[in-house]
Amino acid sequence: MTENRNVVAAVSVLLGEAERDHQELLGSVVNVARALFGAAAASVFLLDEQSGELVFEAVSGEGEGHLLGERFPASRGIAGWVLAAQEPLVVSDLSTNATFARDLAESTGYVPGSLMAAPLMRGEETIGVMEVLDPTPSAVSPLGAAELLTLFAGQAAVALGVVQHNRAARRMLTQEAGELTDLAEVARLLEELGADRRAAGLNLLDSVHRLLSRAG
């Protein structure tokens, strides 16, 4: 039983390391996007389907020191519209935009004057939103800017998808009460069949980790 728990702990560590790697990738994406667009901030939101909220997963610029993990309703604001429509949106003057939720912006400590947003897609499913706040006006047309932001959103979606998979896998490995889950029980049953099967079980768990790391 102790060895089984050690297996679960080891796989959890591997999944945690993979999530940190992809969190760093998300951070790089928003940093580059903010620099490229000369923006005040750039951020990535993950959709929490259970709560119906968007969660700050990566922030560069304004708010990066306190917004990670903060949530707001997924049905509101520009991000909510983009999430539902599955289309990018560029708004050059938020003061005249009825969709913009000023109260949500005020709660973050920064109210932008303009905004760009793109959905983060995994296949046909929208898993989040990427936003760029107050981009510097340039020769790039709104359509061109939306296309460029969509490219960044594609990279963010890959990393965010892996983070989702890793978190789901870690929930599978351990329950709140600390009991072995079905996946850990598989490892226990294989262990009882001998050293060869035990090695096969460990290889299987490692393969699951590598598969999740490539998913998204």
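Every number in this text was worked out from the coordinates using simple rules, so none of it is lab data. Computed from a predicted structure; not experimentally measured. No Cβ is skipped: glycine too gets one built from the backbone with ideal geometry, and neighbour counts run over all protein chains shown.
For region 19-75, which strands (runs of 3 or more DSSP E) that fit wholly inside it have 1 or more residues that are under 13 Å from A159 (Cβ atoms)?
Numbers: elements: 41-48, 53-61, 71-73.
Output list reads 41-48, 53-61.
State all residues of region 101-152 that are within 19 Å of V30 (Cα to Cα), of a type in the set (D, E, K, R) and assigned to a strand (DSSP E or B); if no residue qualifies, say none.
Answer for region 101-152, where residues must be within 19 Å of V30 (Cα to Cα), of a type in the set (D, E, K, R) and assigned to a strand (DSSP E or B): R122, E131.
Just the residues that are within 23 Å of G38 (Cα to Cα) and buried (at least 18 other Cβ atoms within 10 Å of the Cβ), please, taken from region 71-100.
From region 71-100, those within 23 Å of G38 (Cα to Cα) are 77-79, 82, 87-97, 100; that's our starting set.
Residues satisfying the conditions are G77, I78, A79, V82, P88, L89, V90, V91, L94, F100.
Taking region 108-147 only, how many residues are within 21 Å of the chain's Cα centre (by Cα), small (G, A, S) and under 18 Å from R71 (Cβ atoms)?
Step one: filter region 108-147 for residues within 21 Å of the chain's Cα centre (by Cα), giving 108, 115-133, 146-147.
In the following step, the residues that additionally are small (G, A, S) were identified as 117-118, 123, 128, 146.
Pick out the ones that are also under 18 Å from R71 (Cβ atoms) and you get 117, 128.
Total satisfying the criteria: 2.
Does F37 satisfy being crowded, with 21+ Cβ neighbours inside 10 Å and of a type outside the set (K, R)? Working first, answer last.
Numbers: crowded, with 21+ Cβ neighbours inside 10 Å: yes; of a type outside the set (K, R): yes.
The answer is yes for F37.
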